[in-house]
Amino acid sequence: MKKYLFIIIISSFVACHQKEIAKTNTSPPPANTAPASDPVSEVIINATADINDKGTAYNIDSVKIKDDILSVFVNYSGGCKPHTWDLISNGMYSKSLPPQIEVVLKHANNNDNCRRLSFRELKFNIARLKYQGNKTIVIKLADKEVHYTSK
């Protein structure tokens, strides 16, 4: 009798443990799964913005520009609550050719304590970053740089 009771207890423990492992899976999605995409947001230009404040942790996988839309592909921990993302510039261009502007992607996780690795494509309309007199500028985002040529 004790032997059967022991087997039942061990089986229950293993089943619960497997359930917890499934809840905290941090493996990336399969290769054929595209990251979730948000609607296009506007870049925020604020002369007093702290362009060093990234908010909650995230990683930028890549960036690309098509027309006036900057796509930022990110990964972050979470997935149980909505997250917000803002692309912020202080509007200051460096004196270089082409002009350069630094932007920051600010992430707020809404106190999301989930540990799932999430992927997202964020889209921002960057038309407001155009530099008068130059059609091309360099946008610097973290360790990424991308050339933006306006029409």
Inset, instruction - Mind ranking 137-145, 48-56 by how tightly packed they are, going by the mean number of other C-beta atoms within 10 angstrom, highest first? - result: 137-145, 48-56
Inset, instruction - Taking each pair of different alpha-carbon atoms in segment 88-151 once, compute 1/r for the pair, average those values, and report the inverse of that mean as the Kirkwood hydrodynamic radius in Å to one decimal. - result: 13.7 Å
Legend entry - Three semi-axes of the equivalent ellipsoid, segment 37-149, Cα gyration tensor, whole Å, largest first: 26, 14, 11
Legend entry - Estimated distance in nm for a label pair at GLU121 and SER150, the labels positioned 7 Å out from Cα along Cα-to-Cβ: 2.5 nm
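Every number here is computed from the coordinates shown, using simple stated rules; none is lab data. Computed from a predicted model, the values in this text were never measured in an experiment. Neighbour counts run over all protein chains shown; Cβ positions are idealised from the backbone, glycine included.
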